[in-house]
Structure formats: C-alpha cells, structure tokens
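Down below is the structure, laid out as structure tokens.
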Amino acid sequence: MSQLKLSEEGWSNQTIFILAAIGSAVGLGNLWKFPYITGENGGGAFVLVYLACILLIGIPVLLSELALGRAGQANPVQSMANLSRQNSASPLWFLLGLNGVLAAALILSFYTVVAGWGAAYFFESLQGAFIDITPDQAGTHFEGLLHNPYELMFWHSALSLLTAIVVAKGVKSGIERAISFLMPGLLLILLVLLGYATTTGAFGQSFGFLFYPDFTKLSWAAVLTAMGHAFFTLSIGLGTMMVYGSYLSRKHSIVKAGMWIAFADTLVALLAGLVIFSIVFANGLQAGSGPGLLFQTLPIAFGQMTGGWFFGTLFFALVVMAALSSSISLLEPAVSWFEQNWDIKRLKAAWLLGFIIWVVGIGSVLSFNDWADVHFLGERNFFESVDFLTANIMLPLGGLLISVFVAWVMKQEQRYAEIELEQGAMKWLLMDLRWIAPVAILIVFATNLVGAESTWVMVTVALVVYAVYVVNAIRNGHLNG
Ligand code: PFF
C-alpha cells in the first residue's frame, strides 16, 4: 500500500450517481431471489419482515457505507485506512475494506454464471423455445442447461467480458454510459410487464399473496433469510456502495441518495414479485418452487399465454440488464483498489481482475455438472461454498463492522458532515446503528455460522462479545454523540 491516491473521477451529477447505485442494488436479487424466497416462505408475512429489515438494518447500513466512502475518499481498503487515521482508530480497520473488495469479487465470480442463465433464456425465448412447453420439458430444459458446462461457460464468459469492458472505461465513459442506457430500459420493460400482469386475471391473487400477511407461515429461518437478503439486495456490506460513495461530490446529499436507492430497490422487488406471481398463478402453477421459479416455472407460464413469446423475451432481457448494472458495481471496488493503491492503470486492472474472477467462476460453472459432488466447505460444492462464504459470513461481517465504525469510532463532526441529518434524526440513526443493526446482524451471523442446532449458544457468545466491545469503547471515550 505504498502510493496513496484518492478517488478523483467523480459522477457527472447526483442523478446519475443515484441511478448507478440503484443499478447496483437492482439485480438478480430482486428478480430471481426475492420472488422465490417469498414464494418459499409463504408470501405476505415474509414481505413484511423483509420491509422491516430494509428499514431498520438496510437503510442505516446503506447510509453508513456511503458515508464511509465519501469521507474516506478512496477505494474501500484505502478509505478505511484513511478513516482510521482521521479517527485515531486501529489501522487494522483497513481489513473491513479488504473484506469488501474480496467479497464483491467472489460474488461476481458466480453472479455472471447465474446472469448467464438469464442470457441463455433470453436468446432461447427469442427463438420461441418456450412456446407450448410442458412442465416436464421445462424441467428437462433447465437441467439440460445446467448440465452443459460449455454453454454455461459461454454465457459466463460473455457476461464477464461485458462487465470488464464497461469497468475498464472508467466511471464517466464506462459506468455512467452503461447506466444511462440500462436503467431507463429496465424501468420501461418493468412497466410493460406490469401492465401485462394486470391483464392476466391473477393480479389480485398475486397482490394478496404478497401483501396479505399470514404469520402462521412465518418461521425463524424465514426471518433470518429476510435479513440476509436485505443486505444482498441493497448491495451493502461489501464496499460497492463505499466505492460509489467515494465518487460522490460533497454538494450532494447521502441521505437523499440512500432513500432513493432503498425505495427504488424495494419497489422493483415488489413489482417483480407482482408480475411473476400474476403470471404463475394465472397458469395454475406453484409459487413455492424455489430457485427454479424463474427458469422452470415462468417459461411454462410464458409458453401457455398469448403474447408469452414477446413478454417472456422481454422478461429475460430485463434479468440480463439488471444483472449487468449490478455486476459492474461488483468489479469496481477491486479495480479502484488496484488503480489507487497499486498504481495499475484502470484498463489493465479491469482486464486482469476480470480474468482472475472469470477463472474463479469456472468453479461455479462446474458445480452444476462435472464438480457437482466435489465438496469444498463441508458438504457444499464450489458454488455453494462461495455463496455461503460471501452471503453468510463476509457480507454480515462487513455490515456489522460498518455500523460499528460509524456508530462507535467515527467522530461526531465527521458523521454530521457526511450524513446530513438534523440532531433528532441522527440520534435515531445512531441508536439503530449501535443497538439494533449490529445485534440483528450478529444473530444472523451466529446462526448462519453454526446452523440451527446450536444457534443460541453462538448468539449468546456473539452478544457477549459485542457487549464487551461496547463497554470498552465507552471506557475509552469512543462514545461519540
Ligand atoms: N444487489 C444485487 C442484487 O440484488 O442482485 C447484488 C449485489 C450487487 C450485491 C453488488 C452486492 C453488490 F455489491
């Protein structure tokens, strides 16, 4: 970490920054994961818990992460190094940034693989492959894709390539340009699909499923899933929002931006859910079909409906566009780290990192076929291991440390300078960041780490460790605010 450069290239304006951050947040998490976990967990009550998680944990951590980026003025690793110096804290805080950079790169390695399924489906749908498809055929079709490493490799490579091309061009000529074409397209397609959903005859049923809470269907595991998903969907905990925040001018408001990001992300998830369940219910299919909801259930529905060819193709275009605006944000933290700390030109950094991440992604490609039974972490294959490591460990760890830094370590003046809230609202935010977000994250973290059997032991240990940390922080005069 010899040369110390700051983020120089900023966003052209606040709108494009908000759009890029929304682009990062809106992705496979909204279109693929949210609908299927909602389906698996019985609908309304799960949605309610998810909304509470966005409000109580997601938004506070999002504002904190953006603030850390703008205050640190650099990539996540350097930002944390700068901030620990400014706040006389341990230099080891740079590890929080490093955790983020690594997690984002790891997520990207499989994100392009899953996005590749969307790309394959887009082209197949375009060619009419799903017209009149039977449930059996749809199952075999999806299996056929997963069992074909060459096809998966092709799409994984195509999406990795597109991601690297955009990031290599930089913030203004790469990310901004891609975003200004992807986001309006995304909105337009979503609105067309929503219009279509209202004509299916099952829009009301879909609405009821998403918004009528039946708490008997809610389990403790569902609450944990909702919390974990709130992080993933808002792209928080791993440095993406930090690096986007570092390009944000001081003239702009982090609070305003954060609210827009959270609002748009939640709205897209709910609208996607409404569209998908309307189509699924209208065709007498099941909501709770798991990860195959998008790639097995939905094609059957499109295949049966009038206009299904057109709307199906449009739907998978939406999936690819949303995934691409997220994948570029997953590559940016590592590229800016290479550029700023290791003095490697952006072009070279983007290609080099893109290549390394692509190679790691091959492990995920093979997890669905040749390596399906090769185990890495415990009983998990490669894809499941990377997913577990990032979603269950690195992401909550990142979120926890972000809230701890802003709540306990950051000086009050810096907090007010970055997060433009008046005193009363800031008190609420701080209370949340000190007592609600970290405790909730610790519970998820502990549970994910050990599994349901010994959860309470781990939760207790985690809470005691946090309590000791807090008491220590207060003793050392770190109770800022
Ligand atoms: N938020 C994205 C989604 O919902 O698909 C995924 C993601 C993108 C997670 C960027 C994390 C990130 F840094």
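The values are calculated or read from the model by the stated rules, or taken from the named source; none is laboratory data. If you're wondering where the values come from, they're calculated on a predicted model, not measured in any experiment. Glycine also receives a Cβ, built like all others from the backbone with ideal geometry; neighbour counts cover every protein chain displayed. Accessible surface areas use protein heavy atoms only, side chains included; no ligands, DNA or RNA. Shrake-Rupley method; radii C 1.70, N 1.55, O 1.52, S 1.80 Å.
Return yes when Val223 is open to solvent by 10 Å² or more (accessible area, probe 1.4 Å), touching a helix residue (DSSP H, G or I) at 6+ places or on another chain (Cβ under 8 Å) and assigned to a helix (DSSP H, G or I) and no when it is not.
Numbers: open to solvent by 10 Å² or more (accessible area, probe 1.4 Å): yes; touching a helix residue (DSSP H, G or I) at 6+ places or on another chain (Cβ under 8 Å): yes; assigned to a helix (DSSP H, G or I): yes.
So Val223 fits the description; yes.
Considering only residues that are of a type outside the set (Phe, Trp, Tyr) and open to solvent by less than 10 Å² (accessible area, probe 1.4 Å), look in region 40-52 and name the one that is nearest to the ligand (Cβ to nearest atom).
Top of the filtered list is Val47.
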Listed by first then second residue, the pairs whose first member lies in region 213-228 and is over 16 Å from Pro396 (Cβ atoms), whose partner is open to solvent by 50 Å² or more (accessible area, probe 1.4 Å), with beta carbons under 7 Å and at least 6 positions apart or on separate chains, are Pro213/Leu48
List the pairs whose first member sits in region 244-255 and is under 12 Å from Ser12 (Cα atoms), whose second member is modelled with pLDDT under 90, and whose Cβ atoms are under 8 Å apart, counting only residues at least 6 apart or on separate chains?
Tyr247/Ser7; Tyr247/Glu9; Tyr247/Gly10; Leu248/Gly10; Ser249/Gly10
Within region 199-220, residues being in a helix (DSSP H, G or I) and open to solvent by 50 Å² or more (accessible area, probe 1.4 Å) number 9
Being free of Cβ contacts under 8 Å to residues at least 24 places away in the same chain and open to solvent by 70 Å² or more (accessible area, probe 1.4 Å), is that true of even one residue in region 434-449?
yes
Go through region 282-314 and count every residue that is open to solvent by less than 20 Å² (accessible area, probe 1.4 Å) and more than 17 Å from Trp117 (Cα to Cα).
4
Apart from one, (1) closer than 27 Å to Ala21 by Cα; (2) among the aromatic types (Phe, Trp, Tyr); (3) in contact (Cβ under 8 Å) with a residue 24 or more places away in the chain all hold for Phe368; the odd one out is (1)
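Here's the yes/no breakdown for (1) closer than 21 Å to Ser336 by Cβ; (2) within 16 Å of the ligand (Cβ to nearest atom):
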position: Ser24; (1), (2): yes, yes
position: Phe34; (1), (2): no, yes
position: Arg70; (1), (2): yes, no
position: Pro76; (1), (2): yes, yes
position: Ala89; (1), (2): no, no
position: Gly97; (1), (2): yes, yes
position: Ile107; (1), (2): yes, yes
Okay, helices (runs of 4 or more DSSP H) sitting entirely in region 314-423 with 2 or more residues that are more than 22 Å from Asn75 (Cβ to Cβ) and of a type in the set (A, V, I, L, M), I get 346-367
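Table: residues versus (1) assigned to a loop (DSSP other than H, G, I, E, B); (2) of a type in the set (Ser, Thr, Tyr); (3) open to solvent by 40 Å² or more (accessible area, probe 1.4 Å).
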position	(1), (2), (3)
Leu238	yes, no, no
Val243	no, no, no
Lys251	yes, no, yes
Ile261	no, no, no
Ala269	no, no, no
Gly273	no, no, no
Phe277	no, no, no
Val280	no, no, no
Single match in Gly398, Gly481, Gly477, Gly451 (criterion: closer than 30 Å to Lys251 by Cβ and modelled with pLDDT under 85):
Gly481
Can you name the residue in region 378-418 that is over 22 Å from the mean Cα position of the chain (by Cα) and open to solvent by 20 Å² or more (accessible area, probe 1.4 Å) and is also farthest from Tyr466 (Cα to Cα) among such residues?
Glu379
So, first residue more than 18 Å from Gly118 (Cβ to Cβ) and of a type in the set (Val, Ile, Thr) in region 16-43, second residue within 13 Å of the ligand (Cβ to nearest atom) and assigned to a helix (DSSP H, G or I), Cβ within less than 7 Å, six or more apart or across chains; the pairs are Ile18/Ile261; Ile22/Ile261; Ile22/Ala264; Ile22/Asp265
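It is to be established whether one or more residues within region 263-285 are within 16 Å of the ligand (Cβ to nearest atom), aromatic (Phe, Trp, Tyr) and touching an Asp or Glu at 6+ places or on another chain (Cβ under 9 Å).
No, that holds for no residue.
Residue-by-condition table, conditions (1) over 23 Å from Gly258 (Cβ atoms); (2) more than 16 Å from the ligand (Cβ to nearest atom):
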residue	(1), (2)
Asn381	yes, yes
Glu384	yes, yes
Phe388	yes, no
Met394	no, no
Gly398	no, no
Ile402	no, no
Met410	no, yes
Arg415	no, yes
Ala425	no, yes
What number of residues within region 318-352 are within 16 Å of the ligand (Cβ to nearest atom) and open to solvent by 20 Å² or more (accessible area, probe 1.4 Å)?
4
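Is it fair to say Leu145 is aliphatic (A, V, I, L, M), surrounded by 20 or more Cβ atoms within 10 Å (Cβ to Cβ) and part of a helix (DSSP H, G or I)? Don't jump to the end; show me each part of the working.
Details: aliphatic (A, V, I, L, M): yes; surrounded by 20 or more Cβ atoms within 10 Å (Cβ to Cβ): no; part of a helix (DSSP H, G or I): yes.
Spelling it out, it is not the case that Leu145 is aliphatic (A, V, I, L, M), surrounded by 20 or more Cβ atoms within 10 Å (Cβ to Cβ) and part of a helix (DSSP H, G or I).
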Across region 155-173, what is the total count of residues that are modelled with pLDDT under 95 and buried (at least 16 other Cβ atoms within 10 Å of the Cβ)?
2
